[in-house]
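Chemist: For reference, the structure I am asking about is given below.
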Amino acid sequence: MTATNPQKLPQPKEGEVVVCKVTRIFSHSAYALILDYGIEGMIHISEIATGWVRDIKNHIREGDLVVTRVIKTGATPSLSLKRVNKEEKVAKLREYEMEKRAEKLLEFIAKHLKQQEKLEEIKSKIKRELGSVTYCFELSLKKEDRLRDILPEQWIKAVKEEAGKLFKKRQVEFRGRISLQSFDENGIGVIKDVLKKAESLGLKVSYVAAPYYLVRYTTTDPKRGEKLFNKKVEELEKYARGRKCFKGFEFIEV
């Protein structure tokens, strides 16, 4: 039985990228609940992945959160997994997670104001007028006046106070293990110089066990941070080779 759309939310548009939860899997198709719209869509086996798919369960399972593209609208929209690229998937999941966090903050505000009974009404109005709860929090920091026709003053004040928590950037840490060994008569001094070089490059260094040292780099920009970390590691390796104490480097997945 196809899920209904009790709140009468707008229907997804053709070409739209949506977050879904897989609900049922059959031999030649799978069904997934389109979370922002409250209706089920169908993913044909030919839209699961590029190439031949022998068993859908090798690619997705019931309960999985997936990102799909709407390829045909209707009572049961047709969805595609294979037509969503990696960048679109990452961006959509990040947007979805941010919206869930925004909704949790809105629940907290309702409880704090002792107006839980107004929560669903407020949330529905925000989504109808602004498109998302996340955007409401964003406007509270940039264009507060736009919220005055949507929210009571005390809600606007509370949203603005909590907005900082929502947009606080998470830190991501990149790690690696460098192996250093020197046969120089001042070998300890040579290795200390290499470790100082690592710190001068913005890397944090800690001793693991001879001859291994842990190097770390923390950033709030994962994509740019990974490139920077790789560049710093290359420079550190070059310096260590020059001091004739480099044995190897291993990236550590976190």
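The values are calculated or read from the model by the stated rules, or taken from the named source; none is laboratory data. For clarity, every value in this text was computed on a predicted model and none was experimentally measured. Cβ coordinates were reconstructed from backbone atoms using ideal geometry, including for glycine residues, and neighbour counts include every protein chain displayed. The area values use the complete protein model at the heavy-atom level, side chains included, leaving out ligands, DNA and RNA. Shrake-Rupley method; radii C 1.70, N 1.55, O 1.52, S 1.80 Å.
Chemist: Could you grab the pairs with beta carbons closer than 8 Å, sequence gap of 6+ or different chains, first residue in the stretch 49-60 and closer than 16 Å to L79 by Cβ, second one among the hydroxyl-bearing types (S, T, Y) and exposed (fewer than 15 other Cβ atoms within 10 Å of the Cβ)?
Modeler: Close Cβ pairs (under 8 Å, with a partner that is among the hydroxyl-bearing types (S, T, Y) and exposed (fewer than 15 other Cβ atoms within 10 Å of the Cβ)) amount to V53/S46; I56/S27.
Chemist: It is to be established whether one or more residues within the stretch 123-131 are in a helix (DSSP H, G or I), of a type in the set (G, A, S) and loosely packed, with under 15 Cβ neighbours inside 10 Å.
Modeler: Within the stretch 123-131, one or more residues are in a helix (DSSP H, G or I), of a type in the set (G, A, S) and loosely packed, with under 15 Cβ neighbours inside 10 Å.
Chemist: Please state which one of Q171, Q115 is open to solvent by 60 Å² or more (accessible area, probe 1.4 Å) and among the polar types (S, T, N, Q).
Modeler: On inspection, the qualifying residue turns out to be Q171.
Chemist: Pairs, please: C-beta under 8 Å, at least 6 apart or cross-chain, first residue hydroxyl-bearing (S, T, Y) and in the stretch 196-221, second open to solvent by 70 Å² or more (accessible area, probe 1.4 Å) and outside any strand (DSSP E or B)?
Modeler: Short answer, once both residue conditions are applied: T218/Q171; T219/Q171; T220/K169; T220/R170; T220/Q171.
Chemist: Looking for whichever is aromatic (F, W, Y) and in contact (Cβ under 8 Å) with a residue 60 or more places away in the chain here; the options are F174, F137, F167. Which one fits?
Modeler: Every option except F174 fails the conditions.
Chemist: While we're looking at this one, here's another question. With the checklist (1) open to solvent by 40 Å² or more (accessible area, probe 1.4 Å); (2) more than 28 Å from R94 (Cα to Cα) in hand, flag the one item V190 doesn't pass.
Modeler: (1)
Chemist: Is there any pair linking a residue in the stretch 20-48 that is closer than 18 Å to E88 by Cβ and assigned to a loop (DSSP other than H, G, I, E, B) to one that is among the hydrophobic types (A, V, I, L, M, F, W, C) and open to solvent by less than 20 Å² (accessible area, probe 1.4 Å), with Cβ under 6 Å and at least six apart or on different chains, and which?
Modeler: Taking only residues 6 or more apart or on different chains, the pairs are L35/V19; I48/I56.
Chemist: I've got another one for you. Only one residue in E103, E40 is open to solvent by less than 70 Å² (accessible area, probe 1.4 Å), within 30 Å of K118 (Cα to Cα) and within 21 Å of the chain's Cα centre (by Cα), so which one is that?
Modeler: It is E103.
Listed here are the residues, each with its yes/no results for (1) in contact with an Asp or Glu (Cβ under 9 Å, 6 or more places away or on another chain); (2) of a type in the set (F, W, Y); (3) more than 30 Å from K168 (Cα to Cα).
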{"residue": "V18", "(1), (2), (3)": "yes, no, no"}
{"residue": "T23", "(1), (2), (3)": "yes, no, yes"}
{"residue": "H28", "(1), (2), (3)": "no, no, yes"}
{"residue": "I56", "(1), (2), (3)": "no, no, yes"}
{"residue": "H59", "(1), (2), (3)": "no, no, yes"}
{"residue": "L65", "(1), (2), (3)": "no, no, no"}
{"residue": "E107", "(1), (2), (3)": "no, no, no"}
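Chemist: Among the residues of the stretch 143-156, is any touching a residue at least 60 places away in the same chain (Cβ under 8 Å) and among the aromatic types (F, W, Y)?
Modeler: no
Chemist: Then there is this: Looking only at the stretch 72-100, how many residues end up being charged (D, E, K, R) and assigned to a loop (DSSP other than H, G, I, E, B)?
Modeler: 2
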